[in-house]
Amino acid sequence: MTHSHNHGENANARQLSIVLGLVGTFLVVEVVYGFLSSSLALLSDAGHMLTDAAALALSLFAIKMGQRPADKQRTFGYRRAEILAAALNAGVLLAIGLYILYEAYLRLRSPVEVQTTPMLIVAVLGLIVNVISARLLVAGSSDSLNVKSAYLEVLGDLLGSVAVIVGAVLIRFTGLDWIDPVLGALIGLWVIPRTWTLLKSSVNVLMEGVPEELNLDALRSALEELPGISEVHDLHVWSVTSGQHNLTAHLVSAQPPTDLLARVQALARRYDLGHSTVQIEAPGLHAESGDHHDHGELHP
């Protein structure tokens, strides 16, 4: 399991490195032509590219940090660095999306003439870069919030490139410059809710909340149904990082069966819990003392 996890991290690191090179190279081109063409849609896309470059660099750094072994200060290692990176990236992208909406409002009040030729050329090049980048990151986005944050930013840029291309063509044939800020606002409206969802997921991990895909009531019922178990209390499930979930629980049993440990391990695997710590208590002990420090423990 550890080998598989490390293999996935190494693959994600390689993909992030390639995408960072693509995005960083194109960023310079897009920023320059964004100002030359006076296109808000192109500048908003360049703004996303800038956050992409920073987010990709941060995500790559977080993966490298997460691969460091555990030590005396951090017994779970540094894997949560990936979640910190995802939360930071989501927060920055949310701020960028809100700024784009504000800038679009100002542009609608005071339209700016848009140079469609450089806008169209750069947008097509950006679309190519974003399609390649999205294809590289899509596989890792389902397993890592860190990679998902980078993927969402690239996906936002891909949509932005499409919007800029459409806008450039429409403005060239209609002369309606207000199309540009409207498209910029639409990009922001597309990005904001998805970024908010990612931010909530990241904060949930940082707050040691129950993994979103896990049904805690069902898990509690499954534990209570184990042979010899009369009560379950102090049940805690949380994530150290994406895909790494832990469980602690106190099980009350008068005569715990000899195969209880194996049953708990099987149950943990069914709920994708990588590490579980179970404490066995005699009936009434929890109610009488409320002290859980001196009772026997099993560590599946």
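Among the helices of the chain, those built from whole DSSP H runs whose Cα atoms reach 18 Å or more along their own axis and whose mean Kyte-Doolittle hydropathy is at least 0.0 are 2-37, 40-66, 81-109, 116-141, 145-174, 179-206. Within a straight-line Cα-Cα reach of under 28 Å, K72 can be paired with the following lysines, leaving aside sequence neighbours fewer than 8 residues apart in one chain: K64. Computed over protein heavy atoms with a 1.4 Å probe, the accessible surface of the chain works out to 50 Å² per residue. For the chain, what proportion of DSSP beta bridges, expressed in % and rounded to the nearest 5, is antiparallel? Expressed as a percentage, antiparallel bridges in the chain total about 60.
The values are calculated or read from the model by the stated rules, or taken from the named source; none is laboratory data. For clarity, every value in this text was computed on a predicted model and none was experimentally measured. What goes into the accessible areas is simple: the full protein's heavy atoms, side chains included, and nothing from ligands, DNA or RNA. Shrake-Rupley method; radii C 1.70, N 1.55, O 1.52, S 1.80 Å.
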